[in-house]
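Just so it is clear, none of the values below were taken in a lab; they were calculated from the coordinates. None of these values were measured; they are calculated from a predicted model. Neighbour counts are summed over all protein chains in view; Cβ atoms, including those assigned to glycine, are modelled from backbone coordinates with ideal geometry.
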Ligand SMILES: NC(=O)C1=CN([C@@H]2O[C@H](COP(=O)(O)OP(=O)(O)OC[C@H]3O[C@@H](n4cnc5c(N)ncnc54)[C@H](OP(=O)(O)O)[C@@H]3O)[C@@H](O)[C@H]2O)C=CC1
Ligand SMILES: CC(C)(CO)C(=O)C(=O)O
């Protein structure tokens with residue numbers, strides 16, 4: 001299988017690097033922009049992780065160098081770069097190239113389908129806590145790292161099996177082939193919105209919020225509302241997932257989890273405010289779910305964007 005990873009940031013760099021390390025794919029290359037290409041060519045791709053570091057020379061390609069014949073594209077840009085990424089990808093797509101987006105959120109799927117046709121687009125998501133450092137290193141902050149992917153109609157296709165086989169050889173990265181990726185996307189969104197809205201609003205990680213008076217109840221209120229939204233959309237989070245995998249984190253005073261959105265915001269970077277917080281605010285309103293917390297989180301994030309655009313963020317040391 002020939003895999004083209006668009007973006008060599010936290011998610012693309014981590015999972016692309018692990019695929020190279022495992023050697024389970026015929027080829028893995030990165031479709032990048034000029035500055036990242038220059039960095040990768042100078043320093044190689046570096047992953048620092050409690051589960052093992054990795055450094056290697058990798059193929060970094062600009063759109064005009066990518067050629068065709070890729071079986072799968074792993075799409076790992078941020079939502080605000082999606083239009084750019086679509087333009088960069090277009091020349092690299094052959095007749096049988098499938099696109100597995102690993103972005104958080106939902107609306108990029110319809111955008112990709114409109115751009116490339118429904119049959120090309122799979123569902124996908126990443127479960128990791130990682131960031132790209134200013135020095136260009138992919139820093140995995142620890143914990144389990146996995147991706148899930150599948151056909152949006154649930155078929156266990158040949159391309160899904162082949163991608164799972166490539167991931168099966170990758171160290172420190174699980175690749176789950178799913179026959180129900182839409183459900184997994186909603187499960188992830190329920191978790192993600194709760195972590196993102198809570199940690200961005202409070203500028204603290206989950207444990208720090210949990211240790212504040214009323215903090216656990218407040219996060220659980222947000223979680224309940226997100227679960228109600230997913231149910232109204234036709235994808236109720238299964239009780240065992242909600243109670244065993246999601247809720248315990250918000251009750252853990254030692255939890256160090258925080259959203260990548262908080263990391264981006266604290267570094268003065270761009271954030272996926274509309275794609276995650278705006279989308280869930282609209283979904284809350286559609287579902288008739290109390291939207292007070294969702295509205296506050298969204299306005300807060302948009303006000304940050306306005307301040308950033310105006311160049312009024314505090315200077316960092
Ligand atoms: N970080 C995390 O822990 C997690 C992130 N996610 C989600 O995954 C997605 C990616 O996030 P993350 O990896 O953190 O983001 P990063 O900013 O670390 O990486 C995104 C990369 O995409 C590249 N890119 C953007 N547009 C293009 C383009 N047109 N051509 C080539 N490369 C491009 C950027 O390149 P350049 O360097 O040139 O800007 C950047 O390196 C987001 O939707 C995020 O919400 C999901 C789970 C966890
Ligand atoms: C689920 C979560 C919150 C894990 O870090 C995430 O996907 C993100 O922060 O982007």
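For the chain, the longest principal axis of the Cα atoms and the long axis of helix 215-232 meet at an angle of about 60 degrees.
Before anything else, pin down the relative contact order of the chain: Cα pairs under 8 Å, at least 6 apart, normalised by residue count, whole percent.
Values: 580 pairs, mean separation 47.7, N = 317.
Averaging sequence separation for qualifying contacts and normalising by length gives 15 percent for the chain.
Label-to-label distance, residue 231 versus residue 27, with points set 7 angstrom from Cα along the beta-carbon direction: 5.0 nm. Percent of C-alpha pairs per 10 Å bin in the range 2-179, short distances first: 10, 43, 38, 8, 0. In the range 102-169 the Cα-Cα distances spread across 10 Å bins starting at 0 as 17, 40, 32, 11, 0 percent of all pairs.
Given the range 183-309, what whole percent of its Cα pairs are spread farther than 17 Å?
Result for the distance tail: 54 percent.
Among 76, 146, 157, the residue with the largest mean-square fluctuation in a Gaussian network model of the chain, with springs joining Cα atoms closer than 10 Å, is 157. Within the listed set 25, 166, 217, the residue fluctuating most in the Gaussian network model of the chain (springs between alpha-carbon atoms under 10 angstrom) is 217.
Using only the Cα atoms of the chain, construct the convex hull and provide its projected area averaged over every direction, in square nanometres to one decimal.
Numbers: hull surface 63.8 nm².
Averaged projected hull area, Cα only: 15.9 nm².
Here the simple spin-label model places points 7 Å from the Cα toward Cβ, and for residue 264 and residue 135 these points are separated by 2.4 nm. Once both axes come from the Cα atoms, what is the angle between helix 10-22 and the longest principal axis of the chain, in degrees from 0 to 90, rounded to 10? For helix 10-22, the angle is close to 40 degrees.
Listing 302, 78 from fewest to most neighbouring C-beta atoms within 10 Å gives 302, 78.
With a cut-off of 8 Å between alpha carbons and a minimum separation of six or more residues, what is the relative contact order of the range 183-309 in percent?
On the way: 140 pairs, mean separation 42.1, N = 127.
33 percent.
For the range 42-103 versus the range 246-292, the inter-centroid distance based on Cα atoms is 26 Å. Cα-based radius of gyration for the range 165-231, normalised by 2.2 N^0.38 Å, reads 1.43.
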